[in-house]
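The values are calculated or read from the model by the stated rules, or taken from the named source; none is laboratory data. The model shown is predicted, which means the values in this text are computed figures rather than measured ones. Ideal geometry is used to build each Cβ from the backbone, glycine not excepted, and the neighbour counts take in all protein chains shown.
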Amino acid sequence: MRGLHHLLLALGASSAVLAEEGPMDGTGKVEFFGYADCIKLENATTRVVLGTSGGRVLEYAYQGENALLLDPVQAGWRYAPGKPAVEPSAGRCDVGPEQVIPRHPNLWFGDWTGEITGPRQARLTSVADSATGVQLVRDFALDPVSSHLRCTQTIRNISNETKEWCHWSRTFALGHGIVVMPLTEPSRFPKKYVMYNPGGINSHPEDPNIRVRDGFLQVLGPPQHAKLGMDSYAGWFSYLMRNDLMFVKRFPTFPDQVYNEVAGLTISIWYNGTGVCELEPIGPRERLAPGQSASFTEDWWLLPYKFPGDQVDAKAVAQLVERDAR
C-alpha cells in the first residue's frame, strides 16, 4: 500500500502546476490530478487541493504525505449524462439517507463552481439539483499554522416542498489503517456497532479485526463485510495510517435529534481490502421548508503518529487528540 501511496502522491505532484498566484495569503489556482481549475489552500506544513469535479478535496497532505486515496485511472475524469460512471475517490461528501434519497449524479460527481473567499479559505457550490430539490455549498478553511481543516456543508432547499435529508461524509482515506473510536452509553447496538451483510444489517457481528477495549472501538483491518455502522455521540474518531499519520475527524452530535439512516447511525466506516477506508460522519435529519438551509461542520487534522500495528494504545490516541486536535 505504501508503494501505491507514493505512486499516487507522485502523480498528484507531477500534475500540480501553479497557474496563477492567489489573491489571498495561502491560496492559489492549480492544475492537479488532470484538473485545471483546482484551488489550493496551504501553510508551512499542510496543503489542501479542492476540485470542482464533484466538489471534492483531492489532496489533504501533511509534510507532503497525502492522506486521501486517489485512483490514478480517474485523473481528469468528468461526469457527463450517458457517460459510464466511476466511483469518485479522495475527499468525497454527500447527502442522505443513502437508501431513500434519489440518485443525484449532478451533486455526486457533476461540475461545481469554486471561489477563493479569504486567506486559506474557499467555497465550492453545486448546481441546483432537481432530483433532490437542494443545492449544496461547501466551505473550507485551513488554519494558518496547523493541519486543521474546517469543512462545512450547507444544504439549501431550492424546491417548493419540505425536504428531509442529512449530511453524509464519504472521505476515502488510504487503506489498511486502524480506526480508533470512543464509545458512549447507552448504545442501541449490543456489540457497539453493526455490520451490513449482503442480506441485511447484523446487530450481533463477530469479527476478529474488530474489538472493544477500555471504552474504545478498534477496527484493526478489513472486516468480513466492508460496511460498519456506529451510534457513538463522542463527536470524534481517529484513523491511524501506515504513512505514520493520524487522521482525526471531529463533528457535532445531537442525541435529541433523529438520525435517519436505516440503523440511526452517527458514523459509518466502509473498510474493504482494496486499499481504502471510508470515514463517514453522519448528520441528523434536517427538515427543511422551501428556502431553508442547514449546515454541518467537520474538523479535520493530520497528526504525526507512528503506526502501531495491532498494539494500539487507545488512551494515548485519545490524549493526543485532546491535546492537538482541538
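Of the residues in the stretch 283-322, how many are of a type in the set (D, E, K, R), under 26 Å from Ile178 (Cβ atoms) and in contact with a strand residue (DSSP E or B) (Cβ under 7 Å, 6 or more places away or on another chain)? Write out each step before concluding.
To start, the set of residues in the stretch 283-322 that are of a type in the set (D, E, K, R) comprises 285-287, 298-299, 306, 310, 313, 315, 322.
In the following step, the residues that additionally are under 26 Å from Ile178 (Cβ atoms) were identified as 298-299, 306, 310, 313, 315, 322.
With the extra rule that they be in contact with a strand residue (DSSP E or B) (Cβ under 7 Å, 6 or more places away or on another chain), the set shrinks to 298-299.
Of the residues in the stretch 283-322, 2 are of a type in the set (D, E, K, R), under 26 Å from Ile178 (Cβ atoms) and in contact with a strand residue (DSSP E or B) (Cβ under 7 Å, 6 or more places away or on another chain).
If you take the residues of the stretch 153-171 that are out of contact with any Gly (no Cβ under 7 Å at 6 or more places or on another chain) and in a strand (DSSP E or B), which of them is farthest from Ile210 (Cα to Cα)?
Among those residues, the one meeting the criterion is Arg156.
Table: residues versus (1) out of contact with any Lys or Arg (no Cβ under 7 Å at 6 or more places or on another chain); (2) of a type in the set (A, V, I, L, M); (3) surrounded by fewer than 19 Cβ atoms within 10 Å (Cβ to Cβ); (4) in contact (Cβ under 8 Å) with a residue 12 or more places away in the chain.
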| position | (1), (2), (3), (4) |
| --- | --- |
| Gly200 | yes, no, yes, no |
| Pro205 | no, no, no, yes |
| Pro208 | yes, no, yes, no |
| Gly229 | yes, no, no, yes |
| Tyr233 | yes, no, yes, yes |
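Residues of the stretch 254-303 being surrounded by fewer than 16 Cβ atoms within 10 Å (Cβ to Cβ), within 19 Å of the chain's Cα centre (by Cα) and in a strand (DSSP E or B), which ones?
Scanning the stretch 254-303 gives a single hit, Ser295.
When you check Glu59 against the structure, is it in contact with a Phe, Trp or Tyr (Cβ under 8 Å, 6 or more places away or on another chain) and of a type in the set (Asp, Glu), yes or no?
Yes.
For Ala131, are the conditions met, namely being within 27 Å of Ser293 (Cβ to Cβ), among the hydrophobic types (A, V, I, L, M, F, W, C), modelled with pLDDT of 95 or more and surrounded by 15 or more Cβ atoms within 10 Å (Cβ to Cβ)? Don't jump to the end; show me each part of the working.
Details: within 27 Å of Ser293 (Cβ to Cβ): yes; among the hydrophobic types (A, V, I, L, M, F, W, C): yes; modelled with pLDDT of 95 or more: yes; surrounded by 15 or more Cβ atoms within 10 Å (Cβ to Cβ): no.
Against the criterion (within 27 Å of Ser293 (Cβ to Cβ), among the hydrophobic types (A, V, I, L, M, F, W, C), modelled with pLDDT of 95 or more and surrounded by 15 or more Cβ atoms within 10 Å (Cβ to Cβ)), Ala131 does not qualify.
Scan the stretch 101-133 residue by residue and report those that are among the hydrophobic types (A, V, I, L, M, F, W, C) and under 20 Å from the mean Cα position of the chain (by Cα).
Scanning the stretch 101-133 gives Ile101, Leu107, Trp108, Phe109, Trp112, Ala122, Leu124.
Have a look at Arg138, Arg211 and point out the one that is among the basic types (Lys, Arg), farther than 20 Å from Ile269 by Cβ and either outside any strand (DSSP E or B) or out of contact with any Pro (no Cβ under 6 Å at 6 or more places or on another chain) (or both).
Answer to the selection: Arg138.
Does Ile178 satisfy being of a type in the set (Val, Ile, Thr) and either closer than 23 Å to Gly96 by Cβ or at pLDDT below 95 (or both)?
no
Quick check on my filter: what residues within the stretch 263-307 are hydroxyl-bearing (Ser, Thr, Tyr) and over 28 Å from His225 (Cβ atoms)?
Within the stretch 263-307, the subset hydroxyl-bearing (Ser, Thr, Tyr) is 266, 268, 271, 274, 293, 295, 297, 305.
Answer for the stretch 263-307, where residues must be hydroxyl-bearing (Ser, Thr, Tyr) and over 28 Å from His225 (Cβ atoms): Ser293, Ser295, Thr297.
Residues in the stretch 304-323 that are in a helix (DSSP H, G or I), free of Cβ contacts under 8 Å to residues at least 40 places away in the same chain and either hydroxyl-bearing (Ser, Thr, Tyr) or within 18 Å of Met241 (Cα to Cα) (or both): how many?
Residues flagged as in a helix (DSSP H, G or I), free of Cβ contacts under 8 Å to residues at least 40 places away in the same chain and either hydroxyl-bearing (Ser, Thr, Tyr) or within 18 Å of Met241 (Cα to Cα) (or both) within the stretch 304-323 amount to 2.
Which of the residues spanning the stretch 134-161 are among the charged types (D, E, K, R), buried (at least 17 other Cβ atoms within 10 Å of the Cβ) and closer than 29 Å to Thr46 by Cβ?
Narrowing the stretch 134-161 to residues among the charged types (D, E, K, R): 138-139, 143, 150, 156, 161.
Within this subset, residues satisfying the condition of being buried (at least 17 other Cβ atoms within 10 Å of the Cβ) are 138-139, 143, 156.
Once the filter is applied, which keeps residues that are among the charged types (D, E, K, R), buried (at least 17 other Cβ atoms within 10 Å of the Cβ) and closer than 29 Å to Thr46 by Cβ, the stretch 134-161 yields Arg138, Asp139, Asp143.
What's the number of the only condition in (1) touching a strand residue (DSSP E or B) at 6+ places or on another chain (Cβ under 8 Å); (2) over 30 Å from Asp129 (Cα atoms); (3) part of a loop (DSSP other than H, G, I, E, B) that Tyr239 fails to meet?
So the condition that Tyr239 fails would be (3).
In the set Ile116, Ile101, which member is buried (at least 19 other Cβ atoms within 10 Å of the Cβ) and within 27 Å of Leu245 (Cβ to Cβ)?
Ile116
In the stretch 37-61, which residues are at pLDDT 95 or above and surrounded by fewer than 20 Cβ atoms within 10 Å (Cβ to Cβ)?
Correct list: Glu42, Asn43, Ala44, Thr45.
When both residues are 6+ apart or on different chains and their Cβ atoms are under 8 Å apart, which pairs have a first residue that lies in the stretch 242-260 and is over 16 Å from Trp168 (Cα atoms), and a second that is among the basic types (Lys, Arg) and modelled with pLDDT of 95 or more?
Asp244/Lys306
Kindly evaluate Arg92 against the criterion of being buried (at least 21 other Cβ atoms within 10 Å of the Cβ) and on the phi > 0 side of the Ramachandran plot.
No, not satisfied.
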